[in-house]
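A.B. asks: Below is one structure. I have some questions about it.
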Amino acid sequence: MKIFAGIFLLSNAASLASAFGVPKLLSKSNGSSKLKAEVDSFEDTGYMLETLNGPNDQITLDSELGSIDEGLIPERKTKKSNKPTVWSEFSALSAETGAINLGQGFPNWDPPQFVIDEAIKAIKSGFNQYTRTAGHPRLVEHLAERYSHHFKRRVDPYSQIAITIGASQALYVAIKTLLNPGDEVILLEPYFDLYVGQIEIADATPVYSPMKVKDNEWVIDFDSIRSAITSSTRLIIINSPHNPTGKVFTRDEMEEMACIVRENPRLMVISDEVYKYMVYQNDEAEKTIEPASHIHFATLPGMWDRTITISSAGKTFSITGWQVGWVLGPQWFIQEVQNALPYMQFCAPTPFQEAMAAILERADLPYKGFVNYYEWLRNDYLKRREKLEIALNAVNIPTMKGQGGFFLIGDVSHFPVPDSYLKQETPAMPNMTHDWAFCRYLAMEHGLIGIPTSAFFRPNGTSNNSAYGKLVRFCFCKNDETLHAAASALEKMKQSF
């Protein structure tokens, strides 16, 4: 592959590498090249580009792009893009060490058979060409029926819903549509790091409101939120169940948030609900599962016109690669989203949208002895969570309370990480924190990947949150073999201290 100013000639696997960023030449041997791309892969993708090797994978860099006029290179729209992310660093460590990956949040098993069957059926039934840009008719009609039931109000399938390339694009188009340069967006800290980059791309400013830890559980500091609001505040993003903490916002918390919205006429809410079917309430005495009710923020009094609801199918049905998401809300807003989508892509994949409509219908039916698929899913994930929780507690990594999602947060602040790791600097974390050093140590010495939660706090070490630098996020959306191997790695780590 030869790189020219503005022209790419691609060959074989190297073309895939270039799609994720210009790879750097690592070594040469007998005319062939060994490549590794520096990939900033967000966890939603669950994808990491591994070493490419082969006779057609040679590249030539024009003096490390030195022949390109600097005026051709656009100014970065997001400050976060100036350095690698936690995902690129720990994806590379996973590849380098062959470590067990409890870092990135994607299931490592195939979806249920009825999901696969519906995808095959859709392809064989001729749903292979463009469909309606704002959403395949069968899918938006089913979603409208479903959300009309959830919201206890009529949701129009064609004017109040839009289908997107996953929830990430739903967030992106919502943020770009809603915000103007100079607007401010309140994020509850810790937060999913994707939000910050998308806010900055919109030339808006993230403003951080730390959650507190009380009785080993995250609670919202409403005084902090109120003090963060200014005349420039346009949006607050809520995420329940919450990534990375697993917190499920209580009804009292939701109602207080709605009160703040009513106090500020310009304030809108994005409600990120991709984990809505993973809400647990475990009765330790009876070992039964009683799903707590997920609260749609848009259902609170006066909040329909102030809320943009975002969700997707990837987490629920173990199909993160399908990338079918949706955004719904008041017609005045969704109309703007629908107007913008044709300039991003003509439509989300038609066969997956057709299949998704059928899958949602089938998921309501009895499944493997449970009243429906969703009850089976909660039960299955609760068992996996318990396995990981037992493994973490057994090695003195106490876990925080969390009621949803598929992550556990463990406190590693008491572990004596070797000084050699604490003194390291990495491009993604130049000011090393204890949790980050611990995760590098865990990966390199014991072959297990966790994600340091300092990646989910305000950047550049400026957070004043008492939990900063102490906690690690582990995901339990992994098969039994992986969870067993992770428990063994943790036990070996404990023995090494």
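The values are calculated or read from the model by the stated rules, or taken from the named source; none is laboratory data. No experiment lies behind these values; they were computed from the predicted model shown. Neighbour counts run over all protein chains shown; Cβ positions are idealised from the backbone, glycine included. Heavy atoms of the whole protein, side chains included, go into the accessibility calculation; ligands, DNA and RNA do not. Shrake-Rupley method; radii C 1.70, N 1.55, O 1.52, S 1.80 Å.
A.B. asks: Between a first residue in the stretch 155-182 that is without any contact (Cβ under 8 Å) to a residue 60 or more places away in the chain and a second residue that is assigned to a strand (DSSP E or B), which pairs have beta carbons less than 9 Å apart while being 6 or more apart in sequence or on different chains?
C.D. replies: Every condition considered, the pairs that remain are Tyr172/Thr164; Leu179/Val185; Leu179/Arg234; Leu179/Leu235; Asn180/Arg234; Gly182/Thr205.
A.B. asks: Taking the stretch 276-312, which residues are more than 30 Å from Glu263 (Cβ to Cβ) and at pLDDT 95 or above?
C.D. replies: Result: Ser312, single match.
A.B. asks: Right, another one. Take the residues in the stretch 134-182 that are within 29 Å of Ser232 (Cβ to Cβ) and of a type in the set (Ser, Thr, Tyr); name whichever of them is most open to solvent (accessible area, probe 1.4 Å).
C.D. replies: Tyr172
A.B. asks: Surrounded by fewer than 24 Cβ atoms within 10 Å (Cβ to Cβ), of a type in the set (Val, Ile, Thr) and not in a loop (DSSP other than H, G, I, E, B): does that describe Val327? Walk me through how you get there before you give the answer.
C.D. replies: Numbers: surrounded by fewer than 24 Cβ atoms within 10 Å (Cβ to Cβ): no; of a type in the set (Val, Ile, Thr): yes; not in a loop (DSSP other than H, G, I, E, B): yes.
It is false that Val327 is surrounded by fewer than 24 Cβ atoms within 10 Å (Cβ to Cβ), of a type in the set (Val, Ile, Thr) and not in a loop (DSSP other than H, G, I, E, B).
A.B. asks: Any idea how many residues of the stretch 335-380 are loosely packed, with under 14 Cβ neighbours inside 10 Å, touching a residue at least 24 places away in the same chain (Cβ under 8 Å) and not in a helix (DSSP H, G or I)?
C.D. replies: Final tally of qualifying residues: 3.
A.B. asks: Let me ask something else about it. Please indicate, with yes or no, whether at least one residue in the stretch 410-420 is under 18 Å from Glu89 (Cβ atoms), among the polar types (S, T, N, Q) and open to solvent by less than 50 Å² (accessible area, probe 1.4 Å).
C.D. replies: no
A.B. asks: Still on this structure: Being farther than 24 Å from Pro84 by Cα and part of a helix (DSSP H, G or I) is the filter here; which residues of the stretch 171-198 pass it?
C.D. replies: Matches in the stretch 171-198: Ala174, Thr177, Leu178.
A.B. asks: Across the stretch 249-263, what is the number of residues that are open to solvent by 20 Å² or more (accessible area, probe 1.4 Å) and hydrophobic (A, V, I, L, M, F, W, C)?
C.D. replies: Summing the residues that are open to solvent by 20 Å² or more (accessible area, probe 1.4 Å) and hydrophobic (A, V, I, L, M, F, W, C) in the stretch 249-263 gives 1.
A.B. asks: Right, another one. Given the condition among the hydrophobic types (A, V, I, L, M, F, W, C) and closer than 30 Å to Gly450 by Cβ, answer yes or no: does some residue in the stretch 358-377 qualify?
C.D. replies: Checking the stretch 358-377: at least one residue is among the hydrophobic types (A, V, I, L, M, F, W, C) and closer than 30 Å to Gly450 by Cβ.
A.B. asks: Taking only pairs six or more apart or across chains, which ones have beta-carbon atoms under 6 Å, a first residue in the stretch 241-254 that is closer than 13 Å to Gly105 by Cα, and a second residue that is of a type in the set (Phe, Trp, Tyr) and in a loop (DSSP other than H, G, I, E, B)?
C.D. replies: Asn243/Phe192
A.B. asks: A further question follows. I'm trying to understand the selection: among the residues of the stretch 88-105, which are of a type outside the set (A, V, I, L, M, F, W, C), part of a helix (DSSP H, G or I) and within 19 Å of the chain's Cα centre (by Cα)?
C.D. replies: Passing the criteria: Ser88, Glu89, Ser91, Ser94.
A.B. asks: Counting only residues that are of a type outside the set (A, V, I, L, M) and open to solvent by 20 Å² or more (accessible area, probe 1.4 Å), which one in the stretch 421-440 is farthest from Pro107 (Cα to Cα)?
C.D. replies: Out of the qualifying residues, it is Lys423.
A.B. asks: While we're on this one: Return yes or no: is Gly321 in contact with a His (Cβ under 9 Å, 6 or more places away or on another chain), under 22 Å from Phe192 (Cα atoms) and part of a loop (DSSP other than H, G, I, E, B)?
C.D. replies: Answer is no for this residue.
A.B. asks: Please determine, by comparing only the residues of the stretch 212-263 that are among the polar types (S, T, N, Q) and within 22 Å of Leu171 (Cα to Cα), which one is nearest to the chain's Cα centre (by Cα).
C.D. replies: Keep residues of the stretch 212-263 that are among the polar types (S, T, N, Q), which gives 216, 224, 227, 230-233, 239-240, 243, 245, 250.
Checking which are within 22 Å of Leu171 (Cα to Cα) leaves us with 232-233, 239-240, 243, 245.
Details: Ser232: 27, Thr233: 24, Asn239: 11, Ser240: 13, Asn243: 7, Thr245: 12 Å.
Taking the candidates together, the pick is Asn243.
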